[in-house]
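Okay, structure first, notes after.
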Amino acid sequence: MSAPRTLPWPLVALFTAGYLAPYLLPTTVGRLDSGLPLTATQAGAIGSALLLSSATAGFLLASRADRFGPRALARTGLALAAAGYGGAALTAAVPAVVVGAVIGGFGSGTVTAVAASGIAALGAPAARTQPRAWDPHRVTTLGLLGVSALAGALYLTIPRLGPGHGQPLAAVALTALAVWPLTGRLPGRTAPARPTAGRGRLPRPRAGLLLTAALPFWSLAQNSLWGVSGRIGLDQARLSEVTVGAVFAVALGAGLVGVVGAGALGQRLGQAVPIGAGTALIAVCIALSASARDLPAFAAGEISWNLLYPVVLSYVIGLAASLDPRGRWAVLVGSASSLGTAAGPLTGSVLAAGTGFPVMGRLLGAGLLLVAVPMTAVALRAGRRTPHGEIPVVDIPVVEIPVLEIPVLEIPVLEIPVRETPVVEIPVRETPVVETPVVEIPVVEIPLAGVPAPQAPAVEIPVVEVALGTPAVPAQRAYDTASANT
């Protein structure tokens with residue numbers, strides 16, 4: 001029986017706290033414009049400075065999250081966000097508001113970097129071995145679900161709290177404080193300090209660089225509209241702030257539906273279709289919303305755009321997470337997106353002031369169509385490499401196979417007694433040595449009548465008696481020493 005799923009709630013909460021400031025950007029910029037002695041362009045510049053600081057934090061921390069540890073880094077980011085946004089909400093001095101927005105933006109970027117790294121790490125091989133583990137795409141959709149729900153509730157609440165620039169900033173600061181207790185469940189360090197050689201190059205650099213280069217323009221086009229959407233509703237469509245806030249709340253509610261649909265759809269359509277076709281539809285929605293002059297057109301454009309935006313964003317973040325299990329590409333892509341988001345309010349304000357809202361919408365839509373081409377190419381290339389290369393960790397649930405311990409039967413060792421064969425001692429009969437007696441052959445001196453007797457040779461040769469005509473002297477019968485003849 002498989003273990004129940006363990007949802008990484010700290011990562012979802014950090015994702016929500018980090019992305020809340022960009023989601024509240026329209027009302028933040030509008031409140032800065034109306035509550036402080038600032039022009040629309042100056043208010044947009046403050047919003048851009050906030051998001052630029054957030055992007056800077058992401059770029060600085062992309063490869064250093066392991067060194068500091070998620071828990072310490074998340075708490076630092078939440079503290080900066082609470083102090084920066086809270087300080088900006090409590091003062092009416094423009095320089096102090098700018099400094100607070102920049103500090104708070106750096107804190108939001110730090111929190112987002114921790115969340116992105118942790119979500120991408122859910123697809124690492126070590127995490128995939130856990131039963132029914134959560135994949136990066138589904139956790140991203142849950143984070144978008146949380147931030148969309150919270151932002152929608154705030155869009156309904158903030159207009160009823162009275163005028164002033166402090167309400168949206170204070171909401172972000174309080175959210176950071178509320179998320180703080182969940183950081184205790186984060187690890188102190190994800191890994192020991194790695195050697196220099198272990199950091200190495202980022203995997204799949206071409207796809208990662210192309211996606212990172214395209215994301216600023218993708219976010220720029222969308223947040224240029226989002227940064228001036230409040231002004232479009234108030235100035236061009238002639239709606240009240242309460243009505244505009246209600247439209248934004250409904251639009252973010254549609255975003256919730258889109259996020260839920262994206263989570264249910266998963267990877268059934270791959271990544272290229274949601275990213276490419278979704279971006280093209282967003283371009284149409286931007287053009288519709290920017291040219292709206294009444295409530296139906298404005299609501300249709302904003303609601304349809306917010307329905308599609310989080311869906312495509314979840315697939316983009318999932319694609320970046322699949323490029324590197326350590327989450328470096330996810331952080332870099334998120335920071336690049338924050339760069340475009342940072343330039344969005346100022347770009348939208350400049351375009352709107354120079355060309356008007358309808359022309360701005362058409363220009364942004366055309367730019368989105370161009371940016372959709374390289375993003376779709378990266379998604380297609382990642383999909384083609386799936387069967388032969390790396391398997392996307394967000395697609396394949398790994399089921400833990402129990403290890404069966406097979407008992408080993410001990411075979412008894414049979415001791416076979418060895419019969420000792422008795423050694424039979426065969427007596428060796430001693431053969432008596434027969435000593436051959438040495439027979440001494442007597443030397444017989446034979447007189448030769450005046451012939452001197454020859455000397456016997458050194459070798460004892462048996463003497464043969466030869467008849468020489470001389471009468472033989474009878475040999476002595478007994479074997480004894482020969483005597484001379486007389």
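Accessible surface ranking for GLU241, GLU302, 1.4 angstrom probe, highest first: GLU241, GLU302. Remark: the ALA366-ALA92 segment gains 94.7 nm on full extension, using 0.36 nm per residue and subtracting the alpha carbon distance. Placing a pseudo-label 7 Å from each Cα along the Cα-to-Cβ vector at THR157 and ASP235 gives an inter-label distance of 3.0 nm.
Compared with the rule-of-thumb size 2.2 N^0.38 Å for a compact globular protein, the stretch 265-364 has a Cα radius of gyration ratio of 1.23.
Rolling a 1.4 Å probe over the protein heavy atoms leaves THR41 with an accessible area of roughly 60 Å². Model label points for LEU209 and LEU60, set 7 angstrom from Cα along the Cα-to-Cβ axis, are 2.6 nm apart. Between ALA149 and VAL359, the modelled label-to-label distance comes to 4.4 nm, taking each label 7 Å out from Cα in the direction of the beta carbon. Gyration tensor over the Cα atoms of the stretch 243-302: the corresponding equivalent ellipsoid has semi-axes (square roots of 5 times the eigenvalues, largest first) of 25, 15, 5 Å.
Roughly how many Å² is the accessible area per residue of the stretch 150-283, as a whole number, for a 1.4 Å probe?
Details: 6030 Å² over 134 residues.
With all protein chains present, the stretch 150-283 gives 45 Å² per residue.
Taking a quarter of the surface of the Cα convex hull of the stretch 28-87, what do you get in nm²? Display every interim value, and only then the final one.
Numbers: hull surface 18.2 nm².
Its Cα hull, projected and averaged over all orientations, spans 4.6 nm².
Taken over the C-alpha atoms, the stretch 139-181 has Rg and Dmax values of 11.7, 36 angstrom. The Cα trace of the stretch 149-286 gives Rg and Dmax of 20.2, 60 Å, the first to one decimal, the second as a whole number. ALA43 sits among other residues whose Cβ lies under 13 Å from its own Cβ, and their net charge, with Lys and Arg +1 and Asp and Glu -1, is +1.
Where the eigenvalues come from the Cα gyration tensor of the stretch 219-272, what are the semi-axes √(5λ) of the equivalent ellipsoid, largest first, in whole Å?
Working: eigenvalues 172, 43, 7 Å².
Calculated on Cα positions only, the semi-axes equal 29, 15, 6 Å.
Pairwise Cα distances in the stretch 200-352 exceed 28 Å for 23 percent of all pairs.
The values are calculated or read from the model by the stated rules, or taken from the named source; none is laboratory data. All values derive from a computational prediction rather than experimental measurement. FYI the Cβ positions are ideal-geometry reconstructions off the backbone, even for glycines, and counts take in every protein chain you see. Heavy atoms of the whole protein, side chains included, go into the accessibility calculation; ligands, DNA and RNA do not. Shrake-Rupley method; radii C 1.70, N 1.55, O 1.52, S 1.80 Å.
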